[in-house]
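Input: a single structure, listed below in structure tokens.
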Amino acid sequence: MVQQGDYDLGLPEINLGLLGGAGGTQRLPRLIGQSKALEMELLGQTISPAQAVQWGIAMECVEGDVVARSIEIANKLATKDPRASAHIKQLIRGSADWELEEGLAKERTLFCDLMVAPDSLQAMKDFVENDGDIRDEDCR
């Protein structure tokens, strides 16, 4: 989450004959791809908060209290099923390391793990009884 303002984000260290340390050469390409990471690091380029959102470095720009928005998102995440959240994080974080077939097999296994969980069974029952309405309140 990035607060809007008159500042830029980036890794301009090359302008001093350095490289973006503290994981800059490793984390940034995983977030935005090698091409954009090379562009930013080799040119010493900085970007605006809005561009950081467009490039996938930041989730959103916030006008006002960024901490309040962070707490709002954290509270929303806390309402989600922890096992499903853990499985999703495991699968997405590992997806770059696995061949597609291996990732799909892992996804099927973890999907089935959740399908038989008592909480999921109850949620599916509620889904059917509520005419299939499982949308998040923010999406209505």
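Please work out how much length the chain gains when fully extended from A123 to R27, using 0.36 nm per residue of separation minus the C-alpha to C-alpha distance, in nm with one decimal.
Details: separation 96, 0.36 × 96 = 34.56 nm, distance 3.62 nm.
Taking 0.36 nm per residue and subtracting the Cα distance, the gain is 30.9 nm.
Enumerate the residues in segment 43-76 having an amide nitrogen under 12 Å from the point lying 7 Å beyond the Cα of D8 toward its Cβ.
43-49
Out of these labelled values of percent of Cα pairs over 26 Å apart, [x] 25; [y] 48; [z] 36, which was calculated from the coordinates shown here?
From the options [x] 25; [y] 48; [z] 36, the structure gives [y].
What ranking, highest mean first, results for peptides 117-127, 49-59, 25-35 when packing means the other Cβ atoms within 10 Å averaged over each residue?
Numbers: 117-127: 11.8, 49-59: 16.4, 25-35: 13.5.
Peptide ranking by packing, descending: 49-59, 25-35, 117-127.
Using 19 Å as the cut-off for backbone N distance, which residues of segment 77-114 belong to the label zone defined by a point 7 Å from the Cα of M59 along Cα→Cβ?
77-94
Just to be sure I follow the rule: in the chain, considering lysines 8 or more places apart or on different chains, how many pairs have Cα atoms under 27 Å apart?
10
How do V62, V67 line up, fewest other C-beta atoms within 10 Å first?
Numbers: V62 17, V67 11.
The order, fewest Cβ neighbours first, is V67, V62.
Laboratory data are not the source of any read-out in this text; all were calculated from the coordinates shown. Since the model is a prediction, treat every value here as computed from it, not as a measurement. Cβ coordinates were reconstructed from backbone atoms using ideal geometry, including for glycine residues, and neighbour counts include every protein chain displayed.
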